[in-house]
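Input: a single structure, listed below in structure tokens.
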Amino acid sequence: MQRDTPALVLASASSARRSLLSAAGLRFEAVAAAVDEDSIKESGRAEGMPPGEVATMLAEAKARRVATRLDRLAEAEGGRAGALVIGADQLLTCRTDAGELRWFDKPRDLAEAREHLLALRGREHVLHTAVLCWRDGARVWQHLAAPRLVMRRFSDNFLDRYLAEEGEAILGCVGCYRLEGPGVQLFERVEGDHAAVLGLPLLPLLGFLRQHGVLEG
Ligand SMILES: Nc1nc2c(ncn2[C@@H]2O[C@H](COP(=O)(O)OP(=O)(O)OP(=O)(O)O)[C@@H](O)[C@H]2O)c(=O)[nH]1
């Protein structure tokens, strides 16, 4: 079980990430990171960075932003800084008929979710899922997973029913699905760790937390 060590913080507003850590029995604080993800993504893409590197850069920006804020607060109150902060990010890419690599963000509304799902139908996409730990002003660990998922050629009627059933719940999901829910019906094949699909490569993270003394071996 977790020892009384420096606080563990998840720099994320993602409910799936929070649920995964809580279900694993970890005690932590969740603090949303106010970073401008779009501009970081655009500059990474403009420099020709691969999606996994952009996801890692975003995960680090989130962890660093929250860690800096918490350390400043702790110092201002004469408390102890040095929380271990977890950052994560997930990017979706899919190759188009023309062979281009299209990057997908979370959908802004259900109409855009429909457009995304039609573009992903019958194809393989990759979820570039980065997780990173930050402490005392430095990156202390990182991991990148890249699960590959193949959507079946579901019918338009199925898609209409799916969107009506799931509704806004999928707007917080980069692929417009919750694999742990009805979203699983979209798929022909899923290769990779389930937790990584949901947004947090949990097993490698738990391994680091044990090695770092946050969890007992
Ligand atoms: N419940 C669920 N969520 C998923 C699934 N696949 C992707 N996601 C979510 O899609 C989101 C990916 O967007 P990100 O930008 O990485 O994270 P976010 O939701 O904006 O949250 P922050 O970490 O605060 O940036 C994450 O919240 C993932 O948990 C899934 O199958 N199920």
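Values in this text are rule-based calculations from the coordinates and carry no lab data. Since the model is a prediction, treat every value here as computed from it, not as a measurement. Glycine also receives a Cβ, built like all others from the backbone with ideal geometry; neighbour counts cover every protein chain displayed.
A compact table of results
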| item | result |
| --- | --- |
| Length-normalised contact order for the chain - Cα pairs under 8 Å, 6+ apart - percent | 22 |
| Degrees, to the nearest 10: 51-76 long Cα axis against longest axis of the chain | 30 |
| Positive-end extreme of charge dipole, the chain - chosen from Ala98, Leu117, Ala55 (charges on Cβ) | Ala55 |
| Environment charge at Arg135 (Cβ cut-off 13 Å; Lys +1, Arg +1, Asp -1, Glu -1) | 0 |
| Fluctuation leader among Val66, Val140, Val174 - the chain, Gaussian network, Cα springs under 10 angstrom | Val140 |
| Alpha-carbon Rg/Rh ratio, for segment 17-68, with Rh computed the Kirkwood way | 1.08 |
| Net charge, Met57 excluded, C-beta distance under 14 Å - Lys, Arg +1, Asp, Glu -1 | -2 |
| Backbone N under 20 Å from the Ala7 label point (7 Å along Cα→Cβ), restricted to segment 173-217 | 209, 213-215 |
| Around Val184: net Lys/Arg minus Asp/Glu count, Cβ-Cβ under 12 Å | 0 |
| Least to most buried among Asp71, Asp38, Asp89, Asp136 (fewest other Cβ within 10 Å first) | Asp38, Asp136, Asp71, Asp89 |
| Inter-label distance for Glu191 and Glu112, nm, one decimal - labels placed 7 Å from Cα along Cα-to-Cβ | 3.0 |
| Mean Cβ count within 10 Å, highest first, over the residues of peptides 178-191, 44-57, 98-111 | 44-57, 178-191, 98-111 |
| Along each principal axis, Cα extent of the chain, largest first, Å | 59, 38, 27 |
| Calculated SAXS-style log₁₀ I(q)/I(0) at q = 0.16, 0.24 Å⁻¹ - segment 36-117, Debye, Cα scatterers | -0.74, -1.13 |
| Cα-centre dipole for the chain with unit charges at Cβ (Lys and Arg positive, Asp and Glu negative), debye to 20 | 420 |
| In Hz, Karplus ³J(HN,Hα) per residue of segment 194-208 (6.51, -1.76, 1.60; θ = phi - 60°; x = Gly, Pro) | 4, 5, 5, 4, 6, x, 8, x, 6, 4, x, 5, 4, x, 5 |
| Residues Ile170, Ile86, Ile40, sorted so that the one with the fewest Cβ neighbours within 10 Å comes first | Ile40, Ile170, Ile86 |
